[in-house]
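The next block holds one structure in the form of structure tokens; read it before the comments.
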Amino acid sequence: MRTKRWLASFLTVMLLALPLAGCAADPKPQATNSPASANDGGSGKVVNIDFWGGWTGPDLNTMEGLVNKFNQEQSGIHVEFTSLQWTPLFTKFLTEMKGGNPPDVLVMHPFELGQFVEMGVLDNAPIANVGMETGNYSSFAWGGTFYKGEQYAVPLDVHMHGLYYNKDLYNEAGITQPPMTGEELIATAQKLTVDNKGKRADEAGFDANNIVQYGLGFSMNHHVFYQIYALLNQQDHNPFTEDMKAVELDEEKMAKAIAFLQDLVFKYKVVPKGEKSPVDDFMGGKVAMFVDGPWQMPKLEESNIQWASAPYPKVFDKPAAWGAAEILTFPLKKNNDSDKAKAAIEFVKWLDNNSGEWAKSGQLPSSNVGMQTAQSMEGREAFINSLDSSVLLPSHPKAAQIFSSTAPSPILTAAQDAILNNKDPHDIAKQLKKDMDSLLQE
């Protein structure tokens with residue numbers, strides 16, 4: 001048993017717990033369902049279970065709807081749903097774990113799984129009772145539920161970076177196809193970058209100091225590192241593993257990945273420096289394309305913009321895009337309540353069986369049945385087609401430190417040095433390896 005090991009890591013994870021990537025847009029306060037004693041229909045005891053997730057954008061509304069639907073369809077179980085941003089969610093989880101009152105079902109991401117397994121705060125015994133079969137899920141999603149050969153989670157969804165573009169602006173510029181390579185991305189972005197006199201970035205006389213429309217946008221936070229990670233894998237190099245003692249980083253390939261992104265900002269002037277919200281810039285007409293995940297689709301679907309999506313471009317040798325997933329886990333309970341345990345399993349099974357509804361959130365369901373629903377929805381195809389070439393970060397026990405999105409983490413320092421400070425790519429690569437190795441050796 002590792003049930004006491006997590007105490008030593010408690011403060012570290014509270015400070016550095018990972019908000020993954022991409023599932024958030026506009027932060028919202030904690031959301032909970034109303035008490036459901038009325039749900040028993042007079043039939044007797046209602047088992048209340050707690051379900052926690054980190055959704056704070058448009059996908060939160062979809063999950064709230066799913067939980068409400070479950071509560072209304074039967075009277076024996078009531079789910080109390082809580083949603084916070086990922087960092088405070090995990091902080092709250094560990095606090096409640098220490099106090100003996102963790103949630104019954106907790107959502108996380110594959111590369112966070114290792115740290116919590118090593119802490120001894122997750123229970124994998126319920127997994128067998130969910131009744132899953134490997135062939136019913138994408139291999140990408142299925143693999144993300146394992147740590148050191150043991151399955152600790154139920155797959156919920158997958159997501160990855162892709163490229164969104166404004167179809168009207170494409171038509172105005174005479175562009176007929178989205179870019180599929182790095183060269184095409186640069187050329188397309190140049191045609192879509194326009195100064196205040198109507199000159200394009202690929203035309204003589206273009207004024208880079210007075211740009212009114214940029215060709216491309218992307219988040220300039222930890223998502224820069226996620227792009228770098230994809231570009232490393234496009235060069236057939238993945239320096240991060242589940243059991244790494246040190247980072248085996250190819251400095252030259254790392255520098256090439258960083259330089260490509262830097263050139264988009266500083267050489268070609270097709271990406272606005274210091275961009276904070278690419279989706280808002282896209283909706284406001286400031287950028288014509290942007291790199292982001294499928295969780296942005298509900299927001300785009302509510303707009304009047306004629307948009308479409310394409311896979312993340314193949315800049316180097318082979319296709320690869322950063323990818324991640326959301327998985328359902330069962331926190332370890334000190335006092336085992338068999339009714340709650342059974343109810344948690346029933347709820348997870350219901351979510352799994354109704355994953356097609358979750359496709360409305362923009363996230364891509366992990367199950368094959370749910371993915372069929374996603375395939376029929378606008379904008380999803382490009383992301384679905386990227387699934388086989390998407391790459392996960394490893395479920396390393398120190399993921400909270402080495403892949404943290406909060407300053408002064410190694411990946412955020414590298415991202416800021418690359419895109420905001422325009423430092424030498426080789427120096428950035430050296431510093432990233434040094435910072436990560438230091439954390440791994442602690």
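Can you spot a residue in region 347-367 that is farther than 23 Å from Leu60 by Cβ and in a helix (DSSP H, G or I)? No; the residues of region 347-367 include none that is farther than 23 Å from Leu60 by Cβ and in a helix (DSSP H, G or I). For region 64-80, the criterion of a residue being closer than 17 Å to Trp295 by Cβ, open to solvent by 40 Å² or more (accessible area, probe 1.4 Å) and in contact with a Ser or Thr (Cβ under 9 Å, 6 or more places away or on another chain) is satisfied by at least one position. Can you tell me which residues in region 171-202 are surrounded by 13 or more Cβ atoms within 10 Å (Cβ to Cβ) and acidic (Asp, Glu)? Residues satisfying the conditions are Glu172, Glu184, Asp195, Asp202.
For region 140-164, residues that are in contact with a Pro (Cβ under 7 Å, 6 or more places away or on another chain) and open to solvent by 30 Å² or more (accessible area, probe 1.4 Å) total 1. The single residue among Lys286, Lys245 that is under 20 Å from Leu393 (Cβ atoms), among the basic types (Lys, Arg) and surrounded by fewer than 20 Cβ atoms within 10 Å (Cβ to Cβ) turns out to be Lys245. Of all the criteria given as (1) assigned by the TED database to the domain that holds Leu66; (2) of a type in the set (S, T, N, Q); (3) crowded, with 18+ Cβ neighbours inside 10 Å, the one not satisfied by Ser404 is (1). Taking the criterion of being touching a residue at least 40 places away in the same chain (Cβ under 8 Å) and touching a Lys or Arg at 6+ places or on another chain (Cβ under 7 Å), the residues of region 45-71 that qualify are Val47, Ile49, Pro58, Thr62. Restricting attention to region 96-116, and to residues there that are surrounded by fewer than 22 Cβ atoms within 10 Å (Cβ to Cβ) and in contact (Cβ under 8 Å) with a residue 60 or more places away in the chain, which single residue is nearest to Ala341 (Cα to Cα)? Filtering first and then ranking leaves Gly100. A single member of Lys299, Lys333, Lys340 is outside any loop (DSSP other than H, G, I, E, B), open to solvent by 10 Å² or more (accessible area, probe 1.4 Å), in contact with a helix residue (DSSP H, G or I) (Cβ under 9 Å, 6 or more places away or on another chain) and closer than 24 Å to Phe81 by Cα, and it is Lys299.
To keep it simple, each residue is scored yes or no on (1) open to solvent by 20 Å² or more (accessible area, probe 1.4 Å); (2) within 19 Å of Ser309 (Cβ to Cβ).
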residue: Asn354; (1), (2): yes, no
residue: Leu364; (1), (2): no, yes
residue: Val369; (1), (2): yes, no
residue: Ala382; (1), (2): no, yes
residue: Ser390; (1), (2): no, yes
residue: Ser395; (1), (2): no, no
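The residue pairs whose first member lies in region 412-440 and is in contact (Cβ under 8 Å) with a residue 60 or more places away in the chain and more than 19 Å from Pro394 (Cβ to Cβ), whose second member is among the basic types (Lys, Arg) and surrounded by 16 or more Cβ atoms within 10 Å (Cβ to Cβ), and whose beta carbons are closer than 8 Å, counting only pairs six or more residues apart or on different chains, are Pro425/Lys256.
The values are calculated or read from the model by the stated rules, or taken from the named source; none is laboratory data. This is a predicted model, so every value here is computed, not measured. Every residue, glycine as well, gets a Cβ built from its backbone with ideal geometry; the counts of neighbours run over all protein chains shown. Accessible surface is based on the protein model in full, side chains and every heavy atom, while ligands, DNA and RNA are left aside. Shrake-Rupley method; radii C 1.70, N 1.55, O 1.52, S 1.80 Å.
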